[in-house]
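The structure appears right after this line, and notes come after that.
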Amino acid sequence: MTDIGILLIKIVLALVWFLVLTLYLTWAERKESAVIQDRIGANRASIFGIRILGLFQPFADAIKMIFKEDFVPVFSRKFLHTLAPFLSFFFVAITIAAIPFGDDIRIAGKTISLQIFDANIGLLFVLAMLSLGIYGIILSGWASNNRFALLGSIRGAAQLISYEVALGLSLVGLIMVYPSLRLSEIVRAQGSLLLGFFPAWGVFLQPLGFIIFLFAALAETKRVPFDLPEGESEIIGFFAEYGGLKWGLFMMTDFMEIIIVSALLTTLFFGGWQVPWLSTAGFEFPWGWKWHLGPWLVTALEVAAFNIKVFIFCWLQILIRWTYPRLRYDQLMDLGWKLLVPLSLLNILGTAIVMSL
Amino acid sequence: MLKALGYFIELLKGTGITARHFVVNMWFHTVNLVGIKTKRKGAVTIQYPEQKKELAARHRSLHRLMKREDGKPRCVACMLCATVCPAECIYIEAAEDPDLEIQKYPSIFVIDLKRCCFCGFCVEACPEDAIRMDTAKIDLAQTTPEDLVFGLDKLLK
Ligand code: SF4
Ligand code: SF4
């Protein structure tokens, strides 16, 4: 009974974390793009005249979207049209279950892992759910019965399938180095030290894998340098026939994908919740200093480290989105099949050679 | 492969530019937020309704009709402005003035601001310097279209 209670609490907490972060990522995106372009950004949303840097903007947006007309075109397939946004939202939202937020904590003799679903195929689970998200896109294009929406969803499917290959292959090297698919174990393995002082983070062991994964993951989020499925300047994309809350769900899916990609980058390549030289007893610096910390403080530090790393990657992705123009379709396919896939195969080969030495 | 590497370097450079903008602007935003005044600001934005930019000396804004010393409009209803107006938004009806020096005056003078494109040709065409566009009123939006039709009473204010 308590187990189920703990599980429920964990699910609620993780979802709240995810949704609040998603909500404020929309704000962060507007603000960051504004700062990059020497502007100020949304700062007018206010409650009783109080407007703290426009922090209420996401709520204003949400209210606006909820009260918009829920428009379903007559020529669309009603059921599938309604199902599509929920499908793509669901498959992204569920991935948060496999992300480890911190080390195990002990309360009243019980060991609780800060992870909802510690499966031994955790990594595959996340990748599978992310690729299932395509169904939302294909369905929305198909059900809209609009040729531009269909074009967008076809593009989206082709793009996601192409980059799925590079995405998976880029992680093979990583799985060879930390021989596990269990995300918590991958994170634990990154807590060890290389040569006695250097954190064994994935980015140092698999630099090429990291770059390929970054590119492929960016393509997976379908945002600007790779926003062919949306292509707002030419075809509007797979959600051309959506409005109001359903359109909002697609947008939220986009932002949640950013967070999931950031969480994956953190977990796989930047040590997850690991803080360099921090163990369960406190800091142990390689030059001999020791700094004892209580277990709660250690857990708090770890969770904070995970969050900060995720924020940094969200920041980086928004920066990339506001820097580059979109790729042409053939360039997109070239990049995926002719550069990233061979490079990731090369990465596997290199890793194998180094490991067999 | 080599070409791709070249692109990659350019990509990094581009990211560097936007990141530099972000860091520099963020620095000025933070410094200004804690109360330190700097000459350069984090953004070039003007917060419009509260903050207004000074209008240029030769700006064009809402029209006004000039008056003679005795308060009558200076306009002699020569129709030059109505003729030159590319938007055809000036409507004038002339009436006879008892003063032989003046001869005509506008009994009706309407500018339909819905159609006006603020080109300023009417000002340039006027031989009497009777119409000017220097009221500095630029926020002219109204809730009903009728409020945008300016007659003699409003123009002479
Ligand atoms: S400003 Fe131009 S458009 Fe407007 S009334 Fe004068 S001539 Fe016509
Ligand atoms: S050009 Fe001047 S004088 Fe002639 S009708 Fe227009 S405002 Fe009156």
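Quick notes on this structure:
- When the test is whether a residue is surrounded by 13 or more Cβ atoms within 10 Å (Cβ to Cβ) and away from chain B (no Cβ under 14 Å), residue A:13 passes it.
- Residues in region A:92-148 that are modelled with pLDDT under 85, of a type in the set (Ser, Thr, Tyr) and under 22 Å from the mean Cα position of the chain (by Cα): A:113 only.
- Inter-residue pairs, beta-carbon under 8 Å, first farther than 14 Å from residue A:317 by Cα and without any contact (Cβ under 8 Å) to a residue 12 or more places away in the chain and in region B:5-30, second exposed (fewer than 11 other Cβ atoms within 10 Å of the Cβ) and not hydroxyl-bearing (Ser, Thr, Tyr), 6+ apart: none
- Odd one out for residue A:275 among (1) touching a residue at least 40 places away in the same chain (Cβ under 8 Å); (2) surrounded by 17 or more Cβ atoms within 10 Å (Cβ to Cβ); (3) not in a helix (DSSP H, G or I): (1)
- The number of residues in region B:81-92 being near ligand 1 (Cβ under 10 Å from one of its atoms), aliphatic (A, V, I, L, M) and crowded, with 17+ Cβ neighbours inside 10 Å comes to 2.
- Scanning region B:61-77 for residues that are in contact with a strand residue (DSSP E or B) (Cβ under 8 Å, 6 or more places away or on another chain) and either away from ligand 1 (no atom under 14 Å from the Cβ) or within 14 Å of another protein chain (Cβ to nearest Cβ) (or both) yields a count of 7.
- Qualifying residue in region B:126-143 (condition: more than 14 Å from residue B:73 (Cβ to Cβ), among the hydrophobic types (A, V, I, L, M, F, W, C), within 16 Å of ligand 2 (Cβ to nearest atom) and more than 14 Å from chain A (Cβ to nearest Cβ)): yes
- Test for residue B:153: is it part of a loop (DSSP other than H, G, I, E, B), at negative phi and at pLDDT below 90: no
- Residue that is farthest from the chain's Cα centre (by Cα) [pool: residues in region A:266-289 that are at pLDDT 80 or above and small (Gly, Ala, Ser)]: A:271
- Condition met for residue A:162 (farther than 20 Å from residue A:264 by Cβ, part of a helix (DSSP H, G or I) and among the polar types (S, T, N, Q)): no
- Verdict on residue B:135 being more than 10 Å from ligand 1 (Cβ to nearest atom), in contact with a Ser or Thr (Cβ under 8 Å, 6 or more places away or on another chain) and within 30 Å of residue A:44 (Cα to Cα): yes
- Some residue of region A:26-43 being within 27 Å of the chain's Cα centre (by Cα) and more than 14 Å from chain B (Cβ to nearest Cβ): yes
- Screening residue A:256 on (1) touching a residue at least 12 places away in the same chain (Cβ under 8 Å); (2) more than 13 Å from the chain's Cα centre (by Cα); (3) farther than 17 Å from residue A:210 by Cα shows it passes everything except condition (2).
- Filter pass, residue B:52 being out of contact with any helix residue (DSSP H, G or I) (no Cβ under 8 Å at 6 or more places or on another chain) and within 15 Å of ligand 2 (Cβ to nearest atom): no
Rundown of residues vs (1) outside any helix (DSSP H, G or I); (2) farther than 30 Å from residue A:115 by Cβ; (3) β-branched (Val, Ile, Thr), yes/no style:
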position	(1), (2), (3)
A:32	no, no, no
A:35	no, yes, yes
A:41	yes, yes, no
A:54	yes, yes, no
A:60	no, yes, no
A:66	no, yes, yes
A:75	yes, yes, no
A:83	no, no, no
A:89	no, no, no
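- Among the residues of region B:61-119, the ones that are more than 8 Å from ligand 2 (Cβ to nearest atom) and either of a type in the set (D, E, K, R) or in contact (Cβ under 8 Å) with a residue 60 or more places away in the chain (or both) come to 20 in all.
The values are calculated or read from the model by the stated rules, or taken from the named source; none is laboratory data. Source: prediction; values computed, not measured. Heads up, the Cβs are rebuilt from the backbone with ideal geometry, glycines too, and the neighbour counts pull from every protein chain shown.
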